[in-house]
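Written out below as structure tokens is the structure these notes cover.
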Amino acid sequence: MRFNALNLLRQAFGGNIGWPEQWRSPDPRSAYDAVIVGGGGHGLATAYYMAKEHGLRNIAVVEKGWLGGGNTGRNTTIIRSNYLWEESQALYEHAVQLWETLSQELNYNVMYSPRGVMMLAHNVHDVQVFKRHVHANRLQGIDNEWLTPQQAQEFCPILNVDPGIRYPIVGAALQRRGGVARHDAVAWGYARAASALGVDIIQNCEVTAIRRGADGAVEALETTRGTIRTKRVGVVAAGHTSVVMAMAGVRMPLESYPLQALVSEPVKPIMPCVVMSNTIHAYMSQSDKGELVIGAGTDAYTSYSQTGGLHISSHTLDAICELFPTVRRLRMLRNWGGIVDVTPDRSPIIGKTPVPGLFVNCGWGTGGFKATPGSGHVFAHTVARGEPHPINAPFTLDRFRTGRLIDEAAAAAVAH
């Protein structure tokens, strides 16, 4: 199936995906203006906005596997901007606003569906935290509202609000503009649009070294397909950023964990929104194919595994069956793990590095997919101009030295 999909992509993109002809025998006199390492949603979005808004057409995206084959194809597709701190709110709200018109922008249906994201409160601490989020969001003009248990059930009729369950629901925060989109459609949409603007997309091309000149600046990438000369490199390799950055001698403040998810067999529509629970580490929505998409937590140990421990999913299913009794007899269709990079303050790093010409976009934890268009947009500005966009200026690597952290440890319904 992978090779059939690649052939279809080549036909749809006019042959601009694969290995550009000029690199079959690299010309030492030629070079790219910029190379993006990572062919997922963030990397492809970065290349697209660099070409569209900054006029850089001599760009390459290199991907060690196939487009969207990493975390972009392994996430649970949730979109929201109900974060606590102003820096995070600006970044994720920028992304949500881009999501709202992304299908028209790319002329490709990314299946964005603002069906609402509801975050459940089970105890006094949850109530205090989520009400604080509601007030902080509304001060910044971002929609978020507080619901009683009865209002939560009206919004999601299959939700169990019996006060006698193990984790009774005592309220919920609802962002109505939140929702979901189709993960692979986002990657394909950005890839097609970037390719139409002249961006080369090189699959099955793993970076093996970052070559630096006498002045310490980036001068080329060594790959499994040959040498690619460039003086600007943007690394957007979710789950493997530390490995790539180490090639340039840069140590990243990241830990990598498997993040669990699973889907049920497809059923008729029963789940009208996204429901998330921090206390029991579980959340659920329904895909357009009818599968119930269920997110779990991270494993307790660092790993590059894309499977993870089955006990995590078992714990999540116990909680899901209690919150939504009507799904108890459904069968699990498949289970997987994505690799998430986590920073000490649970917020991303987007900006320059100590190496001239080397830029990085990483550390999204569980928040990567929802940020895709916003992340690509501000990172494109950063790589193209050599300075951060005002929105991503606070998310510097240097903040871990200065102490100006953006602690979003309570922002996600799972993992952190």
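Bear in mind that the values in this text are calculations on the coordinates, not laboratory data. Keep in mind the model is a prediction, meaning the values are calculated, not measured. With ideal geometry, Cβ positions are generated from the backbone for all residues, glycine too; neighbour counts draw on all protein chains shown.
For the chain, a crude dipole built from +1 on the beta carbon of Lys and Arg and -1 on the beta carbon of Asp and Glu, taken about the Cα centre, is about 560 debye to the nearest 20.
Anything over 26 Å Cα to Cα? Flag those among LYS52/LYS352; LYS131/LYS268; LYS131/LYS289, in the order listed. Over 26 Å apart, Cα to Cα: LYS131/LYS268; LYS131/LYS289. For the range 301-380, the dipole from Cβ point charges (+1 on Lys and Arg, -1 on Asp and Glu) about the Cα centre works out to 260 debye, to the nearest 20. Each Cα pair under 8 Å and six or more residues apart adds its sequence gap; the mean of these over the residue count of the range 250-396 is a relative contact order of 25 percent.
With R₀ fixed at 22 Å, the C-beta to C-beta distance from GLN128 to ASP162 puts the FRET efficiency at about 0.45. Among VAL236, VAL340, VAL293, the residue with the largest mean-square fluctuation in a Gaussian network model of the chain, with springs joining Cα atoms closer than 10 Å, is VAL293.
Note that the range 356-406 carries a Kirkwood radius of 11.8 Å, evaluated over its alpha carbons pair by pair.
Using Cα-Cα distances under 8 Å and only pairs 6 or more residues apart, what relative contact order does the range 114-225 have, in percent? Each step should come with its number before you reach the end.
Working: 138 pairs, mean separation 30.9, N = 112.
That works out to 28 percent.
Students often check this: by mean Cβ neighbours within 10 Å, which of 266-276, 167-177 ranks highest, and how do the rest follow? Write out the running numbers ahead of the final one.
Working: 266-276: 17.5, 167-177: 20.5.
Top to bottom by mean Cβ count within 10 Å: 167-177, 266-276.
Normalised by residue count, the range 109-188 yields a Cα convex hull volume of 120 Å³ per residue. Computed over the chain, relative contact order equals 22 percent, with contacts defined as Cα pairs under 8 Å that lie 6+ residues apart.
Rounded, prolate or oblate for the range 278-415? Axes are the square roots of the Cα gyration tensor eigenvalues, ordered a ≥ b ≥ c, and the cut-off for rounded is a/c under 1.5.
Details: a/c = 2.59, a/b = 2.19, b/c = 1.19.
Since a/c reaches 1.5 and a/b is larger than b/c, the shape of the range 278-415 is classed as prolate.
The largest-to-smallest principal axis extents of the Cα set in the range 321-373 are 56, 22, 21 Å. The alpha carbons of the range 249-318 give a radius of gyration and a Dmax of 14.7, 52 Å, in that order.
For a quick check of your reading of the filter: which trypsin sites (Lys or Arg not before Pro) in the range 316-416 sit in a DSSP loop and have no more than 10 other Cβ atoms within 10 Å? Can you show the working numbers first?
Details: sites: ARG328, ARG329, ARG331, ARG334, ARG346, LYS352, LYS370, ARG385, ARG399, ARG401, ARG404; in loops: ARG328, ARG329, ARG331, ARG346, ARG404.
Listed in order of number, the matching sites are ARG328, ARG329, ARG331.
Of interest is the spacing of the C-alpha centroids, which for the range 151-183 and the range 383-397 amounts to 36 Å.
Bridge orientation summary for the chain: considering DSSP beta bridges with both residues in this region, about 70 percent are antiparallel.
Here's how it looks for VAL235: its modeled amide H is under 5 Å from those of VAL37, PHE359, VAL360, ASN361, which are all 5 or more places away or on a different chain. Close amide H pairs (under 5 Å, H built 1.01 Å from N) link THR208 with GLU222, THR223, THR224, residues at least 5 positions away or on another chain.
Determine one quarter of the surface area of the Cα convex hull of the chain, which equals its mean projected area, and express it in nm² to one decimal. Provide the component values of the computation, followed by the final result.
Details: hull surface 77.8 nm².
About 19.5 nm², averaged over all directions.
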